[in-house]
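To start, the structure itself, in structure tokens.
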Amino acid sequence: MIQVVAAALCAGQLAEGRALQAELVTAASVPAIALVFAGASKLRSPMRASVAVVRFGLVRHVRATTGIVVGLVEMGGGLSLIAFPGSAWACVVPTILLGLFSFLTGRALIRRQHFDCACFGTRVAPIGRWTFLRAFALFVLSAGALISAATTHPALPPARSWVLAVALSVLIAAASSLVVAVLSTRPFAD
């Protein structure tokens, strides 16, 4: 299958290449948006994120800096997928993050631990099967995008794309932060 895709792209059949690129962007956009939103929510309440990291057993002490670092890494991973959906390098961090979170959630469920994962926003909800299934589905999408990008577009994008990607990333980060702020403060509530 890989040889067929490579031969089609090398033979100049751009329509097939564009269709494959569209599928890659679609597969990468779902985990990208989830990671950006989750990272933004962790930046809004880093202590909750730090408590979750301690409960998952990754660190020993609750510190706001831990939650901030986790939020920044998640946002960075999501923004890299948004900025460079066709790059295998952009898919590496999100795939590792989602794989690790799937593993940690599964391990906690096997141990019958049910605590708040601080995944999205301020809503407190204990981890459960849905949390694991959501994380694993996002991992599968991200891993699929990684494999697809690695087999079709291993090169880095040109410099102009980097500038546009940074501008788009800043815009998406600002918009997601605004959405999280509006959802957490509810300024238009009665």
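Within the range 39-71, the set of residues being polar (S, T, N, Q) and assigned to a helix (DSSP H, G or I) comprises Ser41, Ser50, Thr65, Thr66. Those helices (runs of 4 or more DSSP H) of the range 72-190 in which 1 or more residues are farther than 22 Å from Leu58 by Cα, among the polar types (S, T, N, Q) and modelled with pLDDT of 80 or more occupy 129-152. Just so you know, in the range 94-136 the residues that are surrounded by fewer than 17 Cβ atoms within 10 Å (Cβ to Cβ) and charged (D, E, K, R) include one that is nearest to Thr185 (Cα to Cα), and it is Arg123.
Taking first residues from the range 37-55 that are among the β-branched types (Val, Ile, Thr) and partners that are buried (at least 22 other Cβ atoms within 10 Å of the Cβ) and modelled with pLDDT under 85, the Cβ contacts under 8 Å between residues at least 6 apart in sequence or on separate chains come to Val51/Ala118.
Answer with yes or no whether Arg63 is over 20 Å from Ala125 (Cβ atoms), surrounded by fewer than 20 Cβ atoms within 10 Å (Cβ to Cβ) and at pLDDT 80 or above. Taking the combined requirement at face value, the residue satisfies it.
The values are calculated or read from the model by the stated rules, or taken from the named source; none is laboratory data. Note that the structure is predicted; figures quoted are calculated from it, not measured. Note that each Cβ is placed from the backbone with ideal geometry, even for glycine, and that neighbours are counted across all protein chains shown.
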